[in-house]
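First comes the structure, then the notes that go with it.
Only the coordinates and a few stated rules stand behind these numbers; no lab work does. These numbers were taken from a predicted model, which means no experiment stands behind them. Cβ placement follows ideal geometry from the backbone for every residue including glycine, while neighbour counts extend to all protein chains displayed.
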Amino acid sequence: MACDSSTCQSNCYKRQLVEEEPIASKSGDSNKQSVCVKCKAKEAVSGAGEDGRFCRECFRSNLYGKFKLAVTSNAMITPSDNVLVAFSGGPSSRVVLQFIHEMQQRAQKNFDASKDRSLPVFGVGVTYIDESAYHSVPSCEIDEAIEDIRSIVSNLAPPAKELHIVPIEGVFALDSLDCERERLKTLLDSVSDATGKEDLLLHLRMLTLQKRRSAAFDGVVQDVFTHKYLRLQVASENGYNRLVLGLCTSRIACHVITATVKGQGYSLPADIQYVDARWEVPVVLPLRDCLASELNMFCHLDGLKTLEFSNGPCSGINGLVSSFVKLLQEENPSRECTIVRTAGKLTPFHFNRIPELNDSNVPLATRRRQKRFNLKPNESISSESFCPLCFSPLSKSDLSSLSSFESCQDYDILGAACSSCRFQIFPKDPSSMEHFYSVLPQPLLIRAKKCSNGNRSLLRQFQKDGSNLQPTSNIDNQVLAAANCLPKE
Amino acid sequence: MEEAVTKPTKKGGARLCCICNQSRAALKRPKTLEQICKECFYEVFEEEIHQVIVDNQLFKPGERIAIGASGGKDSTVLACVLSELNRRHNYGLDLFLLSVDEGITGYRDDSLETVKRNEVQYGLPLKIVSYKDLYGWTMDEIVKMIGLKNNCTFCGVFRRQALDRGASLLKVDKVATGHNADDIAETVLLNILRGDIARLSRCTSIVTGEDGPIPRCKPFKYTYEKEIVIYPCSLKCSVVIEKFTYAYFKRLDYFSTECIYSPNAYRGFAREFIKDLERIRPRAILDIIKSGENFRISTSTKMPEQGTCQRCGYISSQKWCKACVLLEGLNRGLPKLGIGRSRGLNNDNKKEKDVTQSNGAKSIESKQCGTLDF
Ligand SMILES: [Zn+2]
Ligand SMILES: [Zn+2]
Ligand SMILES: [Zn+2]
Ligand SMILES: [Zn+2]
Ligand SMILES: [Zn+2]
């Protein structure tokens, strides 16, 4: 099949093109009136399913099946969990919310029917990050959207789901909303690269979704911010232990290409697995095997309301990549799958699994199932150093550049950032570093400080072990030569 | 938007070269967007390549090196730069030009003329190996026999071997090819798009085929195509200058070095994408290569065992090498032999996949069959 397209021996791709053509046309008009390939009874709905040959019911159960398989085989959700669904209003997060709800309903039914009521029903919360401060959406539009979200979530009951609406600028935890908005604007304005700005916003979003309480924060700045950060604790403060994102195959395919283009080949496998437990609240991607077109179709068939914002398209590298992937997908409907499958063959990290449950509250069967499906530790890379800004794992060569940074200024903790952040997010002029540092949100700095300490001790350990920290190629010099954006001291 | 802002160094006056700070800047260096003067451009261009050669120990003193010469811009500039660096830094190399004549009427003639001019200009001995001599068939004859549908299988397999066979006739230790940074970045992307993890893990190596008959290296691995295009404007490559700049602006150069038999809409997307990326962020090309180098690919992706072809002695994981299978088909009047799912001569062996992989091992890393800058 095309999804498994083998390559032409001569590397010329001609054969591949020849092979792919018939498949491309199959999903087109030729099969419009056909019968569902699965139940062989009902009429197929065009566009439903990867090859557009399912009927409505089979399409639905197939899509739910992919979701369910991802959830169970990666132990994403267990009965004792409390999961938070990040809801953006788009089709992907709408479908994931729907599926999580259906799963919860079934669990509730089983619970009600069972005699001993030993298996609890997992809890579900929903969060919406309000980014109107950045996207400058008219406030009436936002109010309307939030009203819609409230009704979507309240209609998904029982069981009831708590809804948390959090403004993105809240991540700064300042005294007033106006201050926070002002700070967000200052921070984003200090990033000149359009792609860097988008990516920074993405990092802030993840930070907002995660818990921001930490030991240092508690001790040092707590009294100033107490009233604020209580509002901010989206995930863990509310007792959530899973964060569910609606990232689908198509979005992941784009991420694979953007990360490659930004030189993040090393950390890429961390972002595209079913589970990413490097965060305090592990992130899970149950729609990893579903295409955007399928999710759109699902919302259409099921009449699920989705929200459209006039955010404008991505610009810069991210925008370029998504139109490139779109073009490729049009040329071959299995291209996005292939891209994700290729990247899926890269070695993941040790945190790309749900941490082992040793809690005696967790039923034995659950623990056993988790063991069966989880990665074996030797298949993954053990990495303990992270970029303080984007929190991606650092390669040895990234880490080696750290040794050139003297720790004499506060902002030097950012010195251990990955080369991508240094290029596209850091100010070009080294003298602006101090200002840039001063406008970063506290939770990010706290994490950065932790990262920095961890990285330095890891570096010391490497140096003591005498392991080779020199870049294995001269690519870093090449990249550095091209970048000239580093604070040189 | 993302372009580095270059500040005028003098109020109102002309910009000075940001490397030497003396001459007037004459161009914006494509790789870094620095404003530099002509002299500094040649200096950094050549010395970067020298540094790559030294850092990666591409050559040893006394080695015989064949430069895969297609007559295209990459290999012509490579011949020019390598002979210059060999002289300047006393590499102690014996350099040769090696060309392949596929026997495609009216298409190779120009590029072979260029190669012959290079021979005179740089004083490098030239060897031209032809398909007719090596295989008894010209490409024209093959196309006549099998039609246009599968001929690119022949292009690729035959050219790969032709270069190796020519290299062994010249008794060289290594073949240097003109693959540039754009080519390698493109190959990384294409291997992701095709799901070819085995090639993805190899395609950024600067030296390939060390287990094969003759290793290949890519001194231009970090060299931008745009800079290769500007380079011939120096006096050093005077003969080819006009032809190149002319060809470039006429947009003939790139397209004319494609196999006339090869349609390639697919590859076009990736090439176009890289050009778009470079426009908004020149460093993206190096970043893609960096990603390719840093991809974590577990070593359990094993290569098939390598043996030698029972017929011609060329490296092969099968009884017969791909070229011999294809040739046998041609000679027996069964040209479909060895194309696609390899039924027939190697039928007893496992899968076509192995053939692909073994050939890929010392392949020119997916440089398109039709591109003559091998
Ligand atoms: Zn059906
Ligand atoms: Zn980073
Ligand atoms: Zn200069
Ligand atoms: Zn061809
Ligand atoms: Zn052979």
Note to self: Please compute the modelled spin-label separation between B:Asp211 and A:Ser136, points set 7 Å along Cα→Cβ, answer in nm with one decimal.
What the structure shows: 5.9 nm
Check: What ranking do B:46-53, A:347-354 get when scored by the average of other Cβ atoms within 10 Å per residue, highest first?
Finding: A:347-354, B:46-53
Check: Between the DSSP loop rule and a limit of at most 12 other Cβ atoms within 10 Å, which GluC sites (Glu not before Pro) in segment A:248-319 are left?
Finding: A:Glu308
Next item on the list: Place the peptides A:133-144, B:27-38 in order of packing, highest mean first, counting for every residue the other Cβ atoms within 10 Å and averaging per peptide.
Entry: B:27-38, A:133-144
Check: Looking at the square roots a ≥ b ≥ c of the eigenvalues of the Cα gyration tensor of segment B:92-220, which shape do they give, rounded for a/c under 1.5, prolate if a/b is larger than b/c, or oblate?
Finding: oblate
Notebook entry, point to check: Around A:Leu163, which amide H atoms from residues at least 5 apart in sequence, or from another chain, sit under 5 Å from its own amide H, with H modelled in the peptide plane?
Noted result: A:Val126
Checklist line | Under 5 Å, built H, 5+ apart or other chain: amide partners of B:Ile128 | finding: B:Ser99
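Please report the relative contact order for segment B:172-220, taking Cα pairs under 8 Å with a sequence separation of at least 6, and give it as a percent rounded to a whole number.
The normalised contact order for segment B:172-220 reaches 55 percent.
Would you mind ranking A:Met433, B:Met139, A:Met103 by Cβ crowding within 10 Å, fewest neighbours first?
Ascending number of Cβ neighbours within 10 Å: A:Met433, A:Met103, B:Met139.
Determine the shielding of peptide A:252-260 by partner chains: average, over its residues, the number of Cβ atoms on other chains within 10 angstrom of each Cβ.
Counting Cβ atoms of other protein chains within 10 Å of each residue's Cβ and averaging gives 3.
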Margin query: Whole-Hz ³J(HN,Hα) for each residue in segment B:324-332, computed from phi via Karplus 6.51 cos²θ - 1.76 cosθ + 1.60 with θ = phi - 60°, x for glycine and proline: what do you get?
Written below: 5, 5, 5, 5, 4, x, 4, 5, 8
Next item on the list: List every residue whose amide H lies under 5 Å from the amide H of B:Leu16, counting only residues 5 or more places away in sequence or on a different chain, with H placed 1.01 Å from N in the peptide plane.
Entry: B:Thr9, B:Lys10, B:Ala25
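Order these by the 10 Å Cβ neighbour count, fewest first: B:Arg199, A:Arg460, A:Arg181.
A:Arg460, A:Arg181, B:Arg199
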Next item on the list: Could you run the Karplus curve 6.51 cos²θ - 1.76 cosθ + 1.60 with θ = phi - 60° over segment A:98-109 and give me ³J(HN,Hα) per residue in whole Hz, x for Gly and Pro?
Entry: 4, 5, 4, 4, 4, 5, 5, 4, 4, 4, 5, 4
Margin query: Using DSSP to call loops (not H, G, I, E or B), can you name the trypsin sites (Lys or Arg not before Pro) in segment A:238-337 whose Cβ has at most 15 other Cβ atoms within 10 angstrom?
Written below: A:Lys305
Checklist line | For residues of B:182-195, the mean tally of beta carbons on other chains within 10 Å | finding: 5
Next item on the list: Could you let me know the centre-to-centre spacing of segment B:62-78 and segment A:256-328, using Cα atoms, in angstrom?
Entry: 43 Å
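Exceeding 29 Å between C-alpha atoms, which entries from my cross-link table qualify? They are A:Lys197/A:Lys449; A:Lys396/A:Lys428; A:Lys66/A:Lys326; A:Lys197/B:Lys290; B:Lys73/B:Lys319; B:Lys116/B:Lys221.
B:Lys73/B:Lys319
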